[in-house]
Amino acid sequence: PVAVPAPMAPTFGELTRFEVKDALVVPREYRYEVVVAWGDRVFADPADHFGYNNDFTAFLPLGADDSEGLLWVNHEYVSEKPWLDTYNSVIGKPLPGEAVLRTQAGSLDDEQKRALAKAVLYEQGGSIVHLRRDPSGRYQVVKGSKYNRRVSGIEGLDKPERLLDADGPAATVLAAGKDGLGKRIVGTFANCSGGVTPWGTVLSCEENFQSQVPDAVDSRGVPVPAKVGFDPASFGDFAGAALGLAPNKYGWVVEIDPRRPEAVPVKRTALGRFRHENVAVRAVEGKPLACYMGDDRTGGHTWKFVSRNPYRAAAGAAGSALLAEGTLYIARYRPDGTGEWVPLVLATPVDPADPTHVAGGRVLLPNRPAGGPVAVDTPEQAAAFKERYKTLADLYESEGAMLIDAFLAANAVGGTPTARPEDLEIHPTDGSVFIAYTSGAASPEGGPDDRIFVTAFKSEDKRDKPPHGAIYRLFEEANDPAALRFRWKTFANSGEIAAGGAGFAFPDNLCFDSQANLWICSDIGNQNQPVPNRTNARASATSGLFGSNTLWFMATDGAKAGTALPFATGPVECELTGPTFTNDGRTLFLAVQHPGEGGGWRKNGATRPETEYELLSADGKRTFVQTRSIPAGSN
Ligand code: FEO
Ligand code: CA
Ligand code: CA
Ligand code: CA
């Protein structure tokens, strides 16, 4: 991650220059400094290093101001080729099985597989680094601090005292597994985004865990057999199998207390098991705590956990108990701009969505008795399922089993399939919930309800247009975090301004600054990035404006609400992630994830086709004029 020190909340029209190049670029009025990077050895144990592919960041001050604090950083996954190519030089030792992986000749032996699995999983999870701000405003890691530590994907594998823990309704199911660890858990991995609680802990979200352990379970929540093994061409796949990890112990929200190095991180199973993107916590004194969450997969759901007991600020760290007990809800959107929260409890009636309203024409439902999903493609099949199973109690033996299979259980009760919810954030003054639906595309797993997510397709002509995503805004009834009804509307559409969009595409991470400006990281995908000679480069012109991924900001209220301005762009094939402001608004932390993941500009023998734009502002509208283009080959 980097830090951008400056007064934040820039004025519209203030930013004057914008460049596109294979680097992190911030406006000329700003600068950035690298805080810590992959491979840095800043931890108490000299064998530890800072992990790979940073995503979420959280800054927790240690004192009354922001001059000193703890930075939590998620490590999501490894980008295989750049990781393999640079591992030895950065980490200072060869990667296990490196020759086999490079040449794809032969296969790894069991010992190599296990060593490689450990290396892959070690890079994931998260890091805590103690930072101090010097008089120039620069944050630096406090080397040797007792707070600096890793919580990796293999945490506890060799040191049982460092195993993670689990609580909530699924903990007993996890404890009955075959790994011999009870409810204790080896590590956390696939940590995408997250959240911060009012009592000062971090919530880190396990997202694409299915790339390393199978996700299918039966009616007891017990994993069902799936293809496992190493494909040398994709060496992260099912790394968990090589280490005997229990698949149902991943896909959760894990709570970590960076201020207490001795505290064991806990997976909060009451919040469900799905491809967790992030958690937005809404804490209103005397009301139940609400945690808003997204399941980032095609047709994934929008979720809310409501604690059983009310939030009391005076309880401090005891607030963690709120995450152990409560009700998990799935959003059911209605086309008229209203919606309701459907409880995921065993008594909830089975009522799956009609697949004819779903992009891709498919809904996945729990397959009984085999376990895993079964695809439903017609209204008749959906009706037959509803006829056969009356409530979730006919599909799951326990509440814990249902929570372990939360995505399919939500499909069974008719939660609205949505357009891949990435980040959700709560407006700092009015409590409304902003949701980045990153893409309306369908997949063989289904897609979003096309009556609700028509804007995520950019136009009415939804099946033909690029599914660029949109930002939705949700208002709880009576502004109550525990409300069972809500209103929703599209806040901003992605896509070109000329086509009625706000300019950004594929919104992913969000955050608010102290002026209630919304900051938006785009994630247009490597396939859409402007690598010379890439045949679909046209896609980048329509989906990213600047090609590389961009950090945008926009006002959320007033005359200029919804007008997006670009603030920063990242290196080619990166994603800017984890934007976090310090409380004083003087610094923005930002992570630069997976630069050059697909081979970068050099892949096709081209050098840097950089472009400089001038940003003009007139009547609150923005125009970009290309002022200079540096041809490829001229460096
Ligand atoms: Fe890891 Fe949905 O982003
Ligand atoms: Ca990411
Ligand atoms: Ca994301
Ligand atoms: Ca994304």
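The values are calculated or read from the model by the stated rules, or taken from the named source; none is laboratory data. Just so you know, these numbers come straight off a predicted model, no measurement behind them. Here the Cβ is made from the backbone with ideal geometry for all residues, glycine too, and neighbour counts use every protein chain on show.
Key figures
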| read-out | value |
| --- | --- |
| Test set (1) within 16 Å of ligand 1 (Cβ to nearest atom); (2) at pLDDT below 90; (3) polar (S, T, N, Q) - Thr16 fails condition number | (1) |
| Subset of the range 417-432 [buried (at least 24 other Cβ atoms within 10 Å of the Cβ) and away from ligand 2 (no atom under 16 Å from the Cβ)] | Pro417, Thr418, Ala419 |
| Odd one out for Arg334, checked against (1) closer than 26 Å to Ser204 by Cβ; (2) more than 16 Å from ligand 3 (Cβ to nearest atom); (3) under 26 Å from the mean Cα position of the chain (by Cα); (4) not β-branched (Val, Ile, Thr) | (1) |
| Residue pairs meeting the criteria (Cβ under 6 Å; at least 6 apart or on separate chains; first at positive phi, in the range 577-602; second within 14 Å of ligand 4 (Cβ to nearest atom) and modelled with pLDDT of 95 or more) | Gly578/Asp55; Gly578/Phe56; Gly578/Ala591; His594/Asn53 |
| Subset tally (residues that are part of a loop (DSSP other than H, G, I, E, B) and surrounded by fewer than 20 Cβ atoms within 10 Å (Cβ to Cβ)) for the range 433-460 | 6 |
| Top-ranked residue in the range 373-401 [being of a type in the set (A, V, I, L, M, F, W, C) and either part of a helix (DSSP H, G or I) or without any contact (Cβ under 8 Å) to a residue 12 or more places away in the chain (or both); ranked as nearest to Pro352 (Cα to Cα)] | Ala382 |
| Boolean, Asp295 is modelled with pLDDT under 95 and touching a helix residue (DSSP H, G or I) at 6+ places or on another chain (Cβ under 7 Å) | no |
| Inter-residue pairs, beta-carbon under 7 Å, first at positive phi and in the range 154-171, second in a loop (DSSP other than H, G, I, E, B) and among the β-branched types (Val, Ile, Thr), 6+ apart | Gly156/Val186 |
| Among residues of the range 198-219, those that are buried (at least 22 other Cβ atoms within 10 Å of the Cβ) and in a loop (DSSP other than H, G, I, E, B), counted | 5 |
| Any hit, the range 228-246, residues being on the phi < 0 side of the Ramachandran plot, acidic (Asp, Glu) and at pLDDT 95 or above | no |
| Qualifying residue in the range 289-304 (condition: away from ligand 4 (no atom under 16 Å from the Cβ), in contact with an Asp or Glu (Cβ under 6 Å, 6 or more places away or on another chain), under 28 Å from Pro225 (Cα atoms) and in a loop (DSSP other than H, G, I, E, B)) | yes |
| Filter result for Ala317 (within 23 Å of Gly194 (Cβ to Cβ) and touching a Pro at 6+ places or on another chain (Cβ under 7 Å)) | no |
| In the range 309-353, residue surrounded by the fewest Cβ atoms within 10 Å (Cβ to Cβ) [restricted to those that are assigned to a loop (DSSP other than H, G, I, E, B) and among the β-branched types (Val, Ile, Thr)] | Val345 |
| Helices (runs of 4 or more DSSP H) within the range 41-128 that include 1 or more residues closer than 30 Å to Trp199 by Cα | 110-122 |
| Filtered residues of the range 196-215 (kept if modelled with pLDDT of 95 or more and more than 16 Å from ligand 2 (Cβ to nearest atom)) | Val196, Thr197, Pro198, Trp199, Gly200, Thr201, Val202, Leu203 |
| Gly251 crowded, with 21+ Cβ neighbours inside 10 Å, away from ligand 3 (no atom under 16 Å from the Cβ) and closer than 30 Å to Gly361 by Cβ | no |
| Qualifying positions in the range 409-432 - in a strand (DSSP E or B) and more than 16 Å from ligand 1 (Cβ to nearest atom) | Ile426 |
| Enumeration of residues in the range 116-153 that are surrounded by fewer than 24 Cβ atoms within 10 Å (Cβ to Cβ), among the hydrophobic types (A, V, I, L, M, F, W, C) and touching a helix residue (DSSP H, G or I) at 6+ places or on another chain (Cβ under 9 Å) | Leu116, Ala119 |
| Some residue of the range 501-522 being away from ligand 3 (no atom under 16 Å from the Cβ), surrounded by fewer than 20 Cβ atoms within 10 Å (Cβ to Cβ) and either modelled with pLDDT under 80 or hydroxyl-bearing (Ser, Thr, Tyr) (or both) | yes |
| Scope the range 269-287; condition within 18 Å of Asp215 (Cα to Cα) and either crowded, with 24+ Cβ neighbours inside 10 Å or more than 24 Å from the chain's Cα centre (by Cα) (or both); matching residues | Thr269, Ala270, Leu271, Gly272, Arg273, Phe274, His276, Glu277 |
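Okay, residues lined up against (1) of a type in the set (S, T, N, Q); (2) in contact with a helix residue (DSSP H, G or I) (Cβ under 7 Å, 6 or more places away or on another chain); (3) on the phi < 0 side of the Ramachandran plot; (4) more than 16 Å from ligand 3 (Cβ to nearest atom):
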{"position": "Gly182", "(1), (2), (3), (4)": "no, yes, no, yes"}
{"position": "Leu203", "(1), (2), (3), (4)": "no, no, yes, no"}
{"position": "Asn208", "(1), (2), (3), (4)": "yes, no, yes, no"}
{"position": "Asp215", "(1), (2), (3), (4)": "no, yes, yes, yes"}
{"position": "Gly221", "(1), (2), (3), (4)": "no, yes, no, yes"}
